[in-house]
Amino acid sequence: MRIKRSYKLIFAGVVFLSVLGIGSILLGPIRNSALFDNRSKFIGTNFNEFREIIENVAAEAEDDYHDNFEGKHIQIGITSHHLPTAVSLISNFYTYLNHSQGPRDVFVVLGPDHFERGYNSVSTTFLPFVTSFGKLEVEDSIVNELLERGVGIDDEALADHSIEVQATFIKLFFPQARIVPLIFRANTDKQTIADIADVLSRYKSKINVIASVDFSHYQSYKYARALDAESKKMISDFSFDGFTLEYVDSPPTMELVGKLIDSFEISKVNILNIANSYDFTGRADSTTGYINALFSESSSQSNSILMFVGDIMLSRSIEAKMKQEDNWQWPFLKIVDYLKEADLLFGNLEGPISNKGTKFNSTYSFRADPMTVEGLGYAGFDVLSVANNHIGDWGREAMEDTFRILKENGIEYIGGGYNRREAHSPVIKELDSGTKIAFLAYTNLSSRYWEAEENQSGIAWLDGEQMKEDIIRAKEQSDIVVVSMHFGEEYISHSNSVQQSLAKTAIDAGADLVVGHHPHVAQEIERYKKGYIAYSLGNFVFDQFFSEEVKKGLILRVVVKNKQIKEVKPIEIKISGSLQIELFK
């Protein structure tokens, strides 16, 4: 979801509440945002002033949704509770949840006791929540069982925005659902957490668990980004015991999430968004971090999404802009939400990432600061081709340093290696469904001086006969073979006969998809026999502006189901004057 589309609505909500004199709105609702009515026996969420904003942003999230979560079994998630600042992120979260599979009758909502006002370390209530969209009832049977394991009733403490925000969205998206609300004091002990996990695990077939938490708090934007990057890594690594109050507003909630993930035998995490209040408000001094994540079980019947992008050049003006903005994620900030929909993300790395080596080419020699790998990780790249005419711009020392840096940051490289065998071997990635995707990459544009040899690093040269042998071997180990080719003529919008011959040779040998790079402009996409060929995806991250064509490119969106490619769709992107990638409309 493109989170900045809703800035005007969010800004309007902020101004409205400022006029009313309600404070702290940029970082979420204040303590008295809920109405506790003991006489009427309900907890009123009191978010009526946000109803229109929530409805409009939820409609935008639905419009932006793509079908990559259809068929996925989702039972645990993490999202924010800051209104109105994070309304687009929360709407995005529930939209994906709404399009996935899993129990949706009862939502267990876990969050912090923000003001430590509960009489118990863990509190709950039997009172319903009256939201802007109707009354949300409590699932009494589960609450009763939790009371036997150390949880206490504290109706007033449950008037906490960590619960009431989720209650509002649950009622909007799942009007027939019920809720089990739980808030945790920061000092909740491990035994209590284990007891709650034991109770909830017995209801696995009935419940969906939502961790209503926010991450870094009251930090500068720069320091918050570093903290949230660590939090993202802990979530991705299923490491939930390392969270402290510096990272998240409820460490006990995160610990309980980890226990439930183990109990539910969940194997996959999908990081939908990672953002900061600064992205919405422009305030960099006292910020809050947000992470949207959904946890899924493997399913052979679900769709998987592969995405392929064009040339990625991270030096020259791109590097200078990242340094100017003090943000290595800068080029990807406006496209990252879309890229996160991919189960696998692939691109062509146009040049080394290193501070080593000796310059070889005098005119166009690319070499990016090693810190630029942070942006590649932030964007979610899984595999990058290094088989191109710029990877050797600063010699083999910089090339090998690039291999090392990518590996250390969890990104696979293809089309190059420390020797010929590695350069011609596929990288094989397995999807949640069990489908195995093999990646190979080649170029015929650089000097063969850079070709990998038996005992020498380099690239995989694009030789038709050798490529056929590589594809046959890759096919024996995988279900789908993808071949990246760095070939063709620069700035020409149609493939030439050499490109066509090589691409079709790959398909004839058993490849399912050929993806091309180098022309810096998009070229045609065709179906050939049982395979697909995208001759050039154009630029993705580049600082060329001399024509409209070089400022645009394609993301190739590929749907995989039942171990086959079911759909190939080009998505247009543009490179803005501020050197950021955006979806083209």
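The values are calculated or read from the model by the stated rules, or taken from the named source; none is laboratory data. Bear in mind the structure is a predicted one, so any value in this text is a computation, not a measurement. Here Cβ is always computed from backbone atoms with ideal geometry, including for glycine, and neighbour counts include all displayed protein chains.
Residues are listed down the side, and each one gets a yes or a no for (1) more than 29 Å from the chain's Cα centre (by Cα); (2) assigned to a loop (DSSP other than H, G, I, E, B); (3) of a type outside the set (Lys, Arg); (4) buried (at least 23 other Cβ atoms within 10 Å of the Cβ):
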{"site": "SER484", "(1), (2), (3), (4)": "no, no, yes, yes"}
{"site": "TYR491", "(1), (2), (3), (4)": "yes, yes, yes, no"}
{"site": "HIS494", "(1), (2), (3), (4)": "yes, yes, yes, no"}
{"site": "GLN500", "(1), (2), (3), (4)": "yes, no, yes, no"}
{"site": "LYS504", "(1), (2), (3), (4)": "yes, no, no, no"}
{"site": "ASP508", "(1), (2), (3), (4)": "yes, no, yes, no"}
{"site": "VAL515", "(1), (2), (3), (4)": "no, no, yes, yes"}
{"site": "ARG527", "(1), (2), (3), (4)": "yes, no, no, no"}
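Taking the criterion of being out of contact with any strand residue (DSSP E or B) (no Cβ under 7 Å at 6 or more places or on another chain) and crowded, with 23+ Cβ neighbours inside 10 Å, no residue of segment 353-365 qualifies. For residues that are buried (at least 17 other Cβ atoms within 10 Å of the Cβ) and part of a loop (DSSP other than H, G, I, E, B), tally how many sit in segment 446-474. Within segment 446-474, residues that are buried (at least 17 other Cβ atoms within 10 Å of the Cβ) and part of a loop (DSSP other than H, G, I, E, B) number 5.
Being surrounded by 18 or more Cβ atoms within 10 Å (Cβ to Cβ), among the aromatic types (Phe, Trp, Tyr), within 23 Å of LYS359 (Cβ to Cβ) and touching a helix residue (DSSP H, G or I) at 6+ places or on another chain (Cβ under 8 Å) holds for only one residue in TYR442, TYR413, and it is TYR413.
Can you work out which of the residues in segment 529-544 that are in contact with a helix residue (DSSP H, G or I) (Cβ under 8 Å, 6 or more places away or on another chain) and in contact (Cβ under 8 Å) with a residue 60 or more places away in the chain is surrounded by the fewest Cβ atoms within 10 Å (Cβ to Cβ)? Across segment 529-544, the extreme among qualifying residues is ASP543. Among strands (runs of 3 or more DSSP E) entirely within segment 207-316, having at least 3 residues that are at pLDDT 90 or above and at negative phi singles out 207-212, 287-297, 304-312.
With respect to the conditions (1) over 29 Å from ALA284 (Cβ atoms); (2) among the β-branched types (Val, Ile, Thr); (3) in contact with a His (Cβ under 9 Å, 6 or more places away or on another chain), VAL248 lacks only one, and its number is (1). Screening the candidates MET313, MET371 for the property of being assigned by TED's automatic domain parsing to the domain that holds GLY577, surrounded by fewer than 19 Cβ atoms within 10 Å (Cβ to Cβ) and under 29 Å from PHE280 (Cα atoms) yields one hit, MET371. Check segment 61-81 and report whether any residue there is at pLDDT below 90, crowded, with 16+ Cβ neighbours inside 10 Å and more than 30 Å from VAL560 (Cβ to Cβ). Checked segment 61-81: no residue is at pLDDT below 90, crowded, with 16+ Cβ neighbours inside 10 Å and more than 30 Å from VAL560 (Cβ to Cβ).
For (1) out of contact with any His (no Cβ under 6 Å at 6 or more places or on another chain); (2) of a type in the set (Phe, Trp, Tyr), each residue gets a yes or a no:
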site: LYS475; (1), (2): yes, no
site: GLU490; (1), (2): no, no
site: PRO519; (1), (2): yes, no
site: TYR535; (1), (2): yes, yes
site: SER547; (1), (2): yes, no
site: LYS566; (1), (2): yes, no
site: PRO570; (1), (2): yes, no
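Residues that are assigned to a helix (DSSP H, G or I) and touching a Gly at 6+ places or on another chain (Cβ under 6 Å) within segment 162-193 comprise SER162, ILE163, LYS171, THR192, listed in sequence order.
Among the residues making up segment 513-537, those that are charged (D, E, K, R) and over 16 Å from PHE487 (Cα atoms) are GLU526, ARG527, LYS529, LYS530.
Summed over segment 162-184, residues that are more than 27 Å from the chain's Cα centre (by Cα) and surrounded by fewer than 22 Cβ atoms within 10 Å (Cβ to Cβ) total 4. Scanning segment 131-161 for residues that are crowded, with 22+ Cβ neighbours inside 10 Å, within 26 Å of ILE53 (Cα to Cα) and of a type in the set (A, V, I, L, M, F, W, C) gives LEU136, LEU158, ALA159.
Within the set ILE335, ILE411, ILE391, the sole residue that is in contact (Cβ under 8 Å) with a residue 40 or more places away in the chain and either closer than 26 Å to ALA452 by Cβ or acidic (Asp, Glu) (or both) turns out to be ILE391.
Residue count for segment 118-138, restricted to those that are more than 17 Å from THR253 (Cα to Cα) and either outside the structural domain of VAL151 (by TED's automatic domain parsing) or without any contact (Cβ under 8 Å) to a residue 60 or more places away in the chain (or both): 6. Being within 22 Å of ASN292 (Cα to Cα) and either in contact (Cβ under 8 Å) with a residue 40 or more places away in the chain or over 27 Å from the mean Cα position of the chain (by Cα) (or both) is a description that applies to ILE207.
What residue, among those in segment 40-54 that are in contact (Cβ under 8 Å) with a residue 60 or more places away in the chain and in a helix (DSSP H, G or I), is surrounded by the fewest Cβ atoms within 10 Å (Cβ to Cβ)? Ranking the qualifying residues of segment 40-54, first place goes to ASN48.
Taking segment 257-295 as the range and being over 15 Å from SER239 (Cα atoms), of a type in the set (Gly, Ala, Ser) and touching an Asp or Glu at 6+ places or on another chain (Cβ under 7 Å) as the test, only GLY289 passes.
With respect to the stated conditions, ARG421 fails to be surrounded by fewer than 19 Cβ atoms within 10 Å (Cβ to Cβ) and at pLDDT below 95.
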